[in-house]
Amino acid sequence: MSFFGFGQSADIEIQLDGSDTRKMAEMKTEDGKKERYFLYYDGESVSGKVNVALKKPGGRLEHQGVKIEFVGQIELYYDRGNHHEFTSLVKELARPGELTHNTTFDFEFNQVEKPYESYSGTNVRLRYFLRVTIVRRLSDIAREMDLLVHTLSSYPEMNNSIKMEVGIEDCLHIEFEYNKSKYHLKDVIVGKIYFLLVRIKIKHMEIAIIKRETTGSGPNTFNENETIAKYEIMDGAPVRGESIPIRVFLAGYDLTPTMRDINKKFSVRYYLNLVLVDEEERRYFKQQEITLWRKGERLRRPLQQQLMAQQQTLQQLSLNNQQGKFPQSHPQGQPPEFTPQMTSAGAEPPSPQQSQSPMHEEAPEQLPSNPSPQSQGRQHHSASPPHLHLEQEADDDLTTPKLPSPPTEPPNSIDSPEEEFLEAQAGSLSDEEEAEERESVKPSSGVTQEPVPVAQ
């Protein structure tokens, strides 16, 4: 029998789904040490596998059933015999029978409600855990696995600043102001202290963050204060009208969200404690409660992805509107009437006849063998711009609709002004040719020319 150590026994192992990628967080234990646990959130499913390995291979393990529980409970250290469970879910893994070999069971708690955050304090602990139990007649075999739960909050709708005037009559009047009354756990407390009246000798001033843990109710209420952080913000005697700035970073401290009446068992509150110490070591203090909450850090990425998706959708809609207004076949996505004309610098706008396709360009007529230098220069400078323009128009003709061409001249007309100018130059005579023509004209043989005497 297993009661005397001779029977069959088994080892139980719990494996959670996604344990390789699941985030882990730290929490203090009862002895003050920190341990890491798998992190879950409210409404998240808990699933995995339970491995049961028999210690003696080939033997049999009789049982009255195998079950797994998801439990959330509150433990008060002064009342350890009573555990208050606020969540308890049970799944049956196997009915009564025998286990003859190593067995694996799958389990899943779908969308488990986790109303409170895990907490380990001075007098109380709130924990979530999985418990696997192999029920037997004499002694059960059980295994527990703790989980860590964080409750996420959203930005508070109302977050007013804290401003208050306190002091001692006719001795000390101060006014302190904090920028907010609710801070998330990674926030920064910003404020100032303004001295309205100073008639006592103040040596220094400090500010502290105090955690107050309240357990029990009625006459059995216990308060435990713990100083989380303390800063000295002023050294020396202040004067009237002096202002002292305050800036406290919360990210470096082990803080939890504010908890109020958790299952009517305990509360956790935080206070800012402002302390002034005079030369006689008398202490003047004023406490102001602040609210701490946990920012939903893991929801940032989906929110950013959602914003990016909205931006992409807007860009796609604007692009579709442009494509619907202007045909996509156009190379620039613009209507034909806005197509810019490409002309070289210094060139004159082309004529309607030059803007026609090069396929309709005719070869220039035969020029004289010795054209004038002026005609050659004009022909050289006036030929390139129309050529570039015609190539661009040929490319545009493939995609853009053709505008109606202006009325053309009869077929026997000249195609371009340059050719017309060259033909006119070819039909006229140059100065040298006119001189040669005058020399070639000779008087007839019957007419003689004699020199005329000049009177002296």
> Is there a pair in Lys28/Lys192; Lys23/Lys186; Lys56/Lys114; Lys34/Lys67; Lys33/Lys67 whose C-alpha atoms are over 28 Å apart, and which pairs would that be?
Replying inline: Lys28/Lys192; Lys56/Lys114; Lys34/Lys67; Lys33/Lys67
> Over the stretch 1-96, what is the mean sequence separation of C-alpha contacts under 8 Å (at least six apart), divided by residue count, expressed as relative contact order in percent?
Replying inline: 25
> For Glu30, what charge total do you get from the other residues with a beta carbon under 10 Å from its beta carbon, if Lys and Arg give +1 and Asp and Glu give -1?
Replying inline: +1
>> How large a share of the accessible area of the stretch 138-204, in percent, is made up of carbon and sulfur atoms when the probe is 1.4 Å and the other protein chains stay in place?
In response: 47
> When ligands, DNA and RNA are left out and all protein chains stay put, how many square angstrom of accessible area per residue does the stretch 102-239 have with a 1.4 Å probe?
Replying inline: 52
>> Please give me the summed charge of the neighbours of Gly236: other residues whose Cβ is under 14 Å from its Cβ, Lys and Arg +1, Asp and Glu -1.
In response: -4
>> Please give me the summed charge of the neighbours of Gln8: other residues whose Cβ is under 11 Å from its Cβ, Lys and Arg +1, Asp and Glu -1.
In response: +2
> lysines near Lys182 by alpha-carbon distance under 16 Å, same-chain residues fewer than 8 away left out - which ones?
Replying inline: Lys163, Lys211, Lys295
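The values are calculated or read from the model by the stated rules, or taken from the named source; none is laboratory data. Just so it is clear, the structure is predicted and the values come from calculations on it, not from any experiment. Cβ sites come from the backbone with ideal geometry, for glycine too, and all protein chains shown count toward neighbours. Heavy atoms of the whole protein, side chains included, go into the accessibility calculation; ligands, DNA and RNA do not. Shrake-Rupley method; radii C 1.70, N 1.55, O 1.52, S 1.80 Å.
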